[in-house]
Amino acid sequence: MNNFARVFLKAKEEQEIQQGFPWVFDNEISRVKYRRNETDEWQQTSLEETLVPDGSGVEVYTKAGGFLGTGIINRKSKITIRIISAEHADKVFEDTYAFWEKRVFDAVNIRRTHYAENDSYRLIFGEADFIPGLICERYCDEGGTVYLVVQFLSLSCEVFKKEIIAALEKACRPFGIYERSDAGVREKEGLSETAGWIGKAHGTVITIVENGIKIAVDIAQGQKTGYFLDQKDNRRAASAFCHGKKVLDTFTHTGAFGLNAFKAGAKEVVSVDISEEAVSMVNKNITLNGASKVVKAVCADVFDLLKKYEADGEKFDVIILDPPAFTKSAKMIQKAYGGYKEINLRAMRLLNEGGILITCSCSHFFEPEMFYDMLMHAATDSHRRVQILEKRGAGPDHPVLLGYPKSEYLKCAVCRVM
């Protein structure tokens, strides 16, 4: 019998965890048993009264006493326990360097079946790679130099930062590792935001190559981890419809969708973003690719611009809608539905007969059924008939963990609008 605290769930709260869900919420816990050493008596308390320190390893049990897994406790968070293993805690903590090294190497090796050495891709996708709260992007610049960008978004990975960084260095031998743990979600974990190089400092703007396109990525100032690698395959798929076409690329961020369209032979591309900093980066990428005669960057609110184009009678052959998540909570679903519907309805009206709409949502709260329901109603209200040619999601560097729906967050529909 080991000395790790035992957290018992309320009745019937174990089903999701048995199906693979890796979180235990505070309201699912009935009691905690713990002792400080082998000679102490076991104490039983409520979650609020327990003296188990946040960041400690605990074992999770059903109400009846069935073992479910080992996790890290954090009473400051509503996600009170993040499960890190199906093994007992003494096995996990026997050698934490070896434990996390195996997790990191497993993630690295599965990517190597899909990607070449000079590719950029998501190396670790949090819970879906069995490292809760950790995001790691692998960027390879045009000279073949590898950089990693990491986000430690939960206490469950923060407490193992030293082991995880050591494993990443061993597995990838990067030129540099930049930390982007400057996300607001850390506050909910009781953690402060932090960002900067881990170890030696380097320049923070690098140029990667995606689908034959050069993209300058600002790993320090760009959104989240600097770039949205999850759309790489979808950008290639969208470009197949762009040869000789007039293309509108909205919420463009770095201009990647539009530049993929340019490479495919588009005759005209308009790339739009509301951020002046983003548009500046788009212009840099236009120059990098010698695309200035075809691609134009516009700084504007997409909602307003779509209205203006409609009023002016502007038409396009291909429109790409890749907005940020319109909702980050279940409470805002209906408002998000309205926002998604408006941009899709207006885009459908702006397309020439038989035009192509590539439309996306990256909010996991906006589930696929609701996303396609929204498209149907947008088509109805715009008086268009729509064929969905393909339903797509994130690439293979974003595995989906069964039992954890949040890992299947990206929807991308390729539509023909009549």
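The values are calculated or read from the model by the stated rules, or taken from the named source; none is laboratory data. Just so you know, these numbers come straight off a predicted model, no measurement behind them. Here Cβ is always computed from backbone atoms with ideal geometry, including for glycine, and neighbour counts include all displayed protein chains. The protein model used for the area step is the full one, side chains on, heavy atoms only, and it has no ligands, DNA or RNA in it. Shrake-Rupley method; radii C 1.70, N 1.55, O 1.52, S 1.80 Å.
Results, tabulated for the structure shown:
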{"read-out": "Top-ranked residue in segment 282-329 [being of a type in the set (A, V, I, L, M, F, W, C) and over 28 Å from the mean Cα position of the chain (by Cα); ranked as nearest to GLU268 (Cα to Cα)]", "value": "VAL294"}
{"read-out": "Every residue from segment 306-320 that is surrounded by fewer than 19 Cβ atoms within 10 Å (Cβ to Cβ) and touching a residue at least 12 places away in the same chain (Cβ under 8 Å)", "value": "LYS307, GLU310, GLU314, LYS315"}
{"read-out": "Whichever residue in segment 321-371 is in a helix (DSSP H, G or I) and in contact with a strand residue (DSSP E or B) (Cβ under 7 Å, 6 or more places away or on another chain) and, among such residues, is surrounded by the most Cβ atoms within 10 Å (Cβ to Cβ)", "value": "ASN344"}
{"read-out": "Answer residue from segment 385-405, given it is assigned to a loop (DSSP other than H, G, I, E, B) and open to solvent by 70 Å² or more (accessible area, probe 1.4 Å) and is nearest to MET418 (Cα to Cα) among those", "value": "ARG385"}
{"read-out": "Residue satisfying condition, being surrounded by fewer than 20 Cβ atoms within 10 Å (Cβ to Cβ), in contact with a strand residue (DSSP E or B) (Cβ under 9 Å, 6 or more places away or on another chain) and without any contact (Cβ under 8 Å) to a residue 24 or more places away in the chain, within set GLY184, GLY265, GLY199", "value": "GLY199"}
{"read-out": "Candidates GLU87, GLU94, GLU49 - the one that is free of Cβ contacts under 8 Å to residues at least 24 places away in the same chain, in a loop (DSSP other than H, G, I, E, B) and surrounded by 14 or more Cβ atoms within 10 Å (Cβ to Cβ)", "value": "GLU87"}
{"read-out": "Test: residue in segment 176-199 that is closer than 18 Å to LYS102 by Cα and small (Gly, Ala, Ser)", "value": "no"}
{"read-out": "Subset tally (residues that are under 16 Å from PRO174 (Cα atoms) and not aromatic (Phe, Trp, Tyr)) for segment 112-134", "value": "9"}
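A quick yes/no check of all residues on (1) touching a residue at least 12 places away in the same chain (Cβ under 8 Å); (2) touching a helix residue (DSSP H, G or I) at 6+ places or on another chain (Cβ under 9 Å); (3) over 18 Å from PHE251 (Cβ atoms):
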residue: GLU277; (1), (2), (3): yes, no, no
residue: ASN352; (1), (2), (3): yes, no, yes
residue: LEU357; (1), (2), (3): yes, yes, no
residue: SER363; (1), (2), (3): yes, yes, no
residue: PHE366; (1), (2), (3): yes, yes, no
residue: ALA378; (1), (2), (3): yes, yes, no
residue: ARG385; (1), (2), (3): yes, yes, yes
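Per-residue answers, yes or no, for (1) open to solvent by less than 50 Å² (accessible area, probe 1.4 Å); (2) in contact with a Pro (Cβ under 8 Å, 6 or more places away or on another chain); (3) in a helix (DSSP H, G or I); (4) modelled with pLDDT of 95 or more:
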| residue | (1), (2), (3), (4) |
| --- | --- |
| MET1 | no, no, no, no |
| PHE8 | yes, no, no, yes |
| GLU13 | no, no, no, yes |
| VAL24 | yes, no, no, yes |
| ASN37 | no, no, no, no |
| ASP40 | yes, no, no, no |
| GLY55 | yes, no, no, yes |
| ALA64 | no, no, no, yes |
